[in-house]
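Everything on this sheet refers to the single structure shown next.
The values are calculated or read from the model by the stated rules, or taken from the named source; none is laboratory data. All values derive from a computational prediction rather than experimental measurement. All accessible areas refer to the heavy atoms of the entire protein, side chains included, with ligands and DNA or RNA removed. Shrake-Rupley method; radii C 1.70, N 1.55, O 1.52, S 1.80 Å.
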Amino acid sequence: MTSSRRNGATGTPALNAGPEFHQQLLTESAAAKWLSVSARTLWSLRDSGKIDFIRIGRSVRYDVDDLRAFVVNNKSNAGS
């Protein structure tokens, strides 16, 4: 038996219906805290296109996977 949640009257699958959907979105302040940077630094990174973001109406959210990718892509080796 499979479990599938449906979205109200429309009958469409809910976004979090399956185990494959684990995306977490952070607010600007939470994303800045996650990266250990100021909100202004985060805005600069966003405005320069270095960090992807999602706009929902007037709100901005950051995907944790995008933040992780930014960290990985910006690591540097000491002495290189």
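I need the fraction of alpha carbon pairs in segment 25-79 separated by more than 15 Å, rounded to a whole percent.
44
What are the residues whose amide H is under 5 Å from the amide H of Asp63, where those residues sit 5 or more places off or on another chain and H is modelled from the backbone?
Hits under the 5 Å cutoff: Leu26, Ile54.
Under a 1.4 angstrom probe, counting protein chains only, how are Ser59, Ser29 ranked by accessible area, largest first?
Largest accessible area first, the residues go Ser29, Ser59.
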